[in-house]
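Okay, so here's the structure we're looking at.
The values are calculated or read from the model by the stated rules, or taken from the named source; none is laboratory data. Keep in mind it's a predicted model, so treat the numbers as computed, not measured. Cβ placement follows ideal geometry from the backbone for every residue including glycine, while neighbour counts extend to all protein chains displayed. Keep in mind that these areas ignore ligands, DNA and RNA; they rest on the heavy atoms of the full protein, side chains included. Shrake-Rupley method; radii C 1.70, N 1.55, O 1.52, S 1.80 Å.
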Amino acid sequence: MSDIYIVISLITAGSILGSFSNMLIYRLPRDEDIVFKRSHCPDCAHILGFWQLIPILSYVYQMGKCVYCKKRISLRYLLVEVGTIGIFLITWVMFGLTPYAFQMGVMLWALHILAWTDIETGLLPNTLTYPLLGLNVIMALYFQRLPDAVYGAVVGYLIFWIIGVIGKWVYKKEAMGGGDMKLSAAIGAAFGVKLILLSTYISFMIGGGMALGFIVCKRKNIADTLPLGPAIILAAVISLFWGQKIFGWYFGP
Ligand SMILES: [Zn+2]
């Protein structure tokens, strides 16, 4: 297939799945039906017509406002659609059209959605983390590296579980969300032990930086729970693309 057709297909699929992602980001944390409920404006609840469902173009055409109530539509809708297209194109450029590219594309797509649900609601829905874990285990079977995937998932889960136990002991309240552990397990299944250790280490640095930022800006108390999800996800993306390079810096090629 010629590259231009691949690019057009990826942009089309990315914009449609990006639009679907927006619905998931809104509905999954709220336990709303994702199949039978028609899309509606979150402000005036007006059911959206066909033209308002077209990704990206409808946002631009409506100039970011609901045509019925004129309330601003969150910029997130546009960012998620463009972001999903970006994920598909980058995955293709980096990994080609391979089974591994399929796995990483789906994983990055899920992580993108999870980053937004965590930022907006503080939740990492099981309806996303469990299927992601399942996919990564199945792909590990396919690539004949199941033991490393299982150890990776267990290590990813346990690190955050241990921190949760210590945090509970220090702060006398729940410090670590169960969603963080499940997310880390799902990523660990794709990464294996070595890469999930690096990824977790990077997520602590990012999380620590975020915590400092919040304290400096007086946005949060140090004892408040941080939304660690985005830090874990950002660290996973860095490890996926630059993990081998980072290992090279530390341990030589
Ligand atoms: Zn409206």
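For the reader, a short list of remarks on this structure follows.
- Residue in region 213-223 that is touching a residue at least 40 places away in the same chain (Cβ under 8 Å), assigned by TED's automatic domain parsing to the domain that holds LEU111 and surrounded by fewer than 13 Cβ atoms within 10 Å (Cβ to Cβ) present: yes
- All conditions in (1) buried (at least 17 other Cβ atoms within 10 Å of the Cβ); (2) touching a helix residue (DSSP H, G or I) at 6+ places or on another chain (Cβ under 8 Å) hold for GLU174, with the sole exception of (1).
- Pick from region 42-79, criterion in contact with an Asp or Glu (Cβ under 8 Å, 6 or more places away or on another chain) and either farther than 16 Å from ASN22 by Cα or among the hydroxyl-bearing types (Ser, Thr, Tyr) (or both), ranking: farthest from the ligand (Cβ to nearest atom): TYR59
- Every pair of residues 6+ apart whose Cβ atoms lie under 9 Å, when the first sits in region 90-104 and is free of Cβ contacts under 8 Å to residues at least 60 places away in the same chain while the second is open to solvent by 60 Å² or more (accessible area, probe 1.4 Å): THR91/PHE102; PHE95/PHE102; PRO99/TYR142; PRO99/PHE143; TYR100/PHE143; ALA101/MET94
- Under the condition of being outside any helix (DSSP H, G or I) and more than 19 Å from LEU114 (Cα to Cα), the residues counted in region 152-194 number 4.
- Single match in GLY156, GLY164, GLY188 (criterion: open to solvent by less than 60 Å² (accessible area, probe 1.4 Å) and out of contact with any helix residue (DSSP H, G or I) (no Cβ under 6 Å at 6 or more places or on another chain)): GLY164
- In the condition set (1) without any contact (Cβ under 8 Å) to a residue 24 or more places away in the chain; (2) farther than 30 Å from GLY179 by Cα, TYR68 is compliant with all but (1).
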